[in-house]
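A short write-up of the structure that comes next.
The values are calculated or read from the model by the stated rules, or taken from the named source; none is laboratory data. Keep in mind it's a predicted model, so treat the numbers as computed, not measured. Here Cβ is always computed from backbone atoms with ideal geometry, including for glycine, and neighbour counts include all displayed protein chains.
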Amino acid sequence: MVIMKSRKRPKSSTADKSVRTTTPSIVEETIEKKLEDIATLLCSTGEGKKGKSRVYEEVLAMVERCLFRIALKRNGNVKITAANYLGINRNTFQNKMKKMGMKCEKKS
């Protein structure tokens, strides 16, 4: 009598499914879909065809500007609390704002 071993198939555990439905993974999936559209728009402008593409730098700059605006809005345009919100040093925050040409006016 010959006994054959059966191959074990990897089981799809509930842990695998929960990893795909965690908040960070849902957010990442949403961002990826939007970034694909953004990259398509940036590439269709024809700017990337004249040599090296700048999609990476352009998207990172856009994301950084958006994060800074969100941080400022959520913290009443107070730079130190906006910097803390983003987890960066106040001086770094101010230097990056200056580089990006952003101004911060406190609401009275």
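Among the residues of the range 45-62, is there at least one that is modelled with pLDDT under 95, among the basic types (Lys, Arg) and outside any loop (DSSP other than H, G, I, E, B)? The answer is yes, given that some residue of the range 45-62 is modelled with pLDDT under 95, among the basic types (Lys, Arg) and outside any loop (DSSP other than H, G, I, E, B). Considering the range 89-102, and only residues there that are assigned to a loop (DSSP other than H, G, I, E, B) and in contact with a helix residue (DSSP H, G or I) (Cβ under 8 Å, 6 or more places away or on another chain), the residue that is farthest from residue 62 (Cα to Cα) turns out to be 89. Assess whether residue 70 counts as being surrounded by 11 or more Cβ atoms within 10 Å (Cβ to Cβ), assigned to a loop (DSSP other than H, G, I, E, B) and modelled with pLDDT of 95 or more. No.
Give the range 73-88 a look and list any residue that's in contact with a helix residue (DSSP H, G or I) (Cβ under 7 Å, 6 or more places away or on another chain) and in a helix (DSSP H, G or I), or say none.
Passing the criteria: 74, 79, 80, 82, 83, 85, 86.
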